[in-house]
Every structure is written in structure tokens, then in C-alpha cells.
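Below you'll find the structure, written out as C-alpha cells, and then a few comments.
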Amino acid sequence: MPEPPNRVALVYGVSTYIEGGSSVNLSLTDDDARAMGAMLSAKGWSVTTRVADSSVATTNEQASRDRIEADIAALAGFDGIVLFYYSGHGAYDVRGESAICPYGSIVATGEGYFFDLGAMITASELRAMFETAGLGRVVIVLDSCNSGGFVAAGATTDAIPDSYGVYDDDIAYTWFVGAFGDAVAAFSYDAEPGYVVLSAAGSDEFSWESGDHGIFTRYLLEAGGANSKAADRDGDGYLSTTELYRYALLGIEAKWNRIYDETPTLRWQLYAADYWDDYLPHLSGTASEYALWAVGD
């Protein structure tokens, strides 16, 4: 990469779904988006950051489905790499697919709230938005529950199951052999190489936030900051999509999953709430990967 290519990032974070307060609102997803936008801008990306984090509906609508669709459409004809980042709620089985939940997809009622499925964006709908705009080089990064559903079945390079935590205690990593066939099949050069997806969790898993960021986003930020050289596994001076995935994978496994595995009181609290304690990110398998930024930037 003697000269950086044209690079545009669309960054969205939704923490407020219902103005005035609600248990459905999130705490750190707006911080995730702002930090990711700032990091990418410092790395030379042209960044648009939109968040829903206020008590004003018209402000929050900047992170709605309509706004996301309009932002993507506005890039029609762009000849470069587009990075799409989203932090917020995710859902499964929305028109048969995993989906992200922009502002407007959870609506207040007199007795609580309801889910507006039409305001959510499914995996195929997001892909169609990019294709309609004629964008062929796209990196999609999702820090949301159920986001592994945006990675096509049989198209993951990581060879871990669709849902990781539910299998962890019972089969102790023997699932790798069962997943191997799908992983090999993913390396077909007939696959569309232009779209790469990094998801925080499996299609049937929760993702987590703790401290000041989502767990997955924290490692993305580290790989773009103080630990960029450690993340550059091959030492070529550029951080690629695969290296970014690997850094987050190893960090979550060592510093999140292991802590919960080795802390019985925390495990019990999560199981009592019917949660899975472990999760891992996923990476789509294509014939290509992208150099995202120079490590020395």
C-alpha cells in the first residue's frame, strides 16, 4: 500500500432507543461509535459518525434505518474502501435473518415498548444497500448481539460454531473438526471477495459491554492505538482485517471468557439470568482481505 486508497467510514452507535429512559437503552454504544470514529479519522479515513444518545428524537433519528440507507446511497460510485461500523442492539429471526436495530426499531408505548421489525436492517438488506450503491469493497464491523448471522453460513474462516458459548463446556473444542469442512469450503475463489464481515458474537449469542466500551470494540480500539504493533502479526507495517479479527479473538478469549470460566460466582449470576458467559467474534471467509491502516499512523 504505497499510498492509502480512498477510505470512507460510516459509524453508528445507538444507546438511546426510548427517550426519557428505558431498560432497553444501552450505556456504552454511543461511546463505542465516537471512539471508533475518532480512531479511524486519525488513521486517515473520511468518517461520518452518527449516534442516538439524547432525549431529543430528531437528534436520535440520525442513527435510524432511513439515515443509514441514505448515507450508503450517497456513496454511489465511490471508488475505494467503505467501512461500516455499528454498535447497538442486534436481533435474530427478523424476516428469517439476523439484524441490527437502529434508532426507531424499538418504540415506546403506554405500557412499555414494542419492536418495529420493519425498522431493523437484516443481513441481506444491508448487503443490498451496498450493492445498490455499486460499492464493491466493503468492511462491515458489528458490535451487537446475534451479529454472527451477518457472516454467511459456510463462509467463516475461523472454524468456530455459529454459537460458541452453548457448546463450550460440553465438547471442549472438538467442534473444530466438525467445522473444518465449512471452513475449507469458504476459501473458494468463486465467493464474492469484496465484502468482509467482522462480528462481535455468533448468530445466537449475546455480545457484552463493560467498563467504558463494548468488549469487542475495546480490542478494535487497542489494535488501532497502543497495541497496533502487537496486532500486526506478520510485521508488514499494516493492519489487515484478518489481523484485527485475530487480535480481538485472542483478547476476548484470554481476558473475558477465561475470567468468567474461572470465576464461579460470575458464572452463576450469568447462568441464573439465562445468559451464556462465553462468546467469540467471527470473520467472514473470502478470497481477499483489506489493509485498514498503517501501524505507524
Looking at the stretch 96-133 only, could you name the residues that are in contact with an Asp or Glu (Cβ under 8 Å, 6 or more places away or on another chain) and assigned to a loop (DSSP other than H, G, I, E, B)? Gly104, Ser105
Filter the stretch 44-60 down to residues that are at pLDDT below 95 and crowded, with 20+ Cβ neighbours inside 10 Å, then give me how many there are. 0
Going by what's in this entry, would Asp162 be described as modelled with pLDDT of 55 or more and closer than 21 Å to Ala33 by Cα? no
The one condition in (1) over 23 Å from Leu135 (Cβ atoms); (2) assigned to a loop (DSSP other than H, G, I, E, B); (3) in contact with a Leu (Cβ under 8 Å, 6 or more places away or on another chain) that Phe78 fails to fulfil: (1)
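Residue under question is Asp71, and the condition is that it be of a type in the set (D, E, K, R), touching a residue at least 40 places away in the same chain (Cβ under 8 Å) and in a loop (DSSP other than H, G, I, E, B); does it hold?
For Asp71, the condition - of a type in the set (D, E, K, R), touching a residue at least 40 places away in the same chain (Cβ under 8 Å) and in a loop (DSSP other than H, G, I, E, B) - is not met.
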Among the numbered conditions (1) at pLDDT below 80; (2) more than 18 Å from the chain's Cα centre (by Cα), tell me where Ala294 comes up short. (1)
Does Val47 satisfy the condition of being farther than 17 Å from His213 by Cβ and assigned to a strand (DSSP E or B)? yes
Selection within the stretch 1-43 - assigned to a loop (DSSP other than H, G, I, E, B), surrounded by 15 or more Cβ atoms within 10 Å (Cβ to Cβ) and not β-branched (Val, Ile, Thr): Pro4, Ser15, Tyr17, Glu19, Asn25, Leu26, Leu28, Lys43
Just need a number here: residues in the stretch 134-147 that are outside any strand (DSSP E or B) and within 30 Å of Gly20 (Cα to Cα). 4
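Out of Tyr247, Tyr271, I need the residue that is among the aromatic types (Phe, Trp, Tyr), at pLDDT below 90 and either out of contact with any strand residue (DSSP E or B) (no Cβ under 6 Å at 6 or more places or on another chain) or surrounded by fewer than 16 Cβ atoms within 10 Å (Cβ to Cβ) (or both). Which one? Give the steps one after another, and end with the answer.
Details: Tyr247 fails: at pLDDT below 90.
One residue alone meets the criteria, Tyr271.
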Of all residues in the stretch 220-255 being more than 17 Å from the chain's Cα centre (by Cα) and part of a helix (DSSP H, G or I), which is farthest from Gly202 (Cα to Cα)? Lys229
Among the numbered criteria (1) modelled with pLDDT of 95 or more; (2) in a strand (DSSP E or B); (3) acidic (Asp, Glu), which one does Asp93 miss? (1)
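The values are calculated or read from the model by the stated rules, or taken from the named source; none is laboratory data. What you see is a predicted model, and the numbers here were worked out from it, not measured in a lab. When we count neighbours, we look across all protein chains shown, and the Cβ atoms used for this are built from the backbone with ideal geometry, even at glycine.
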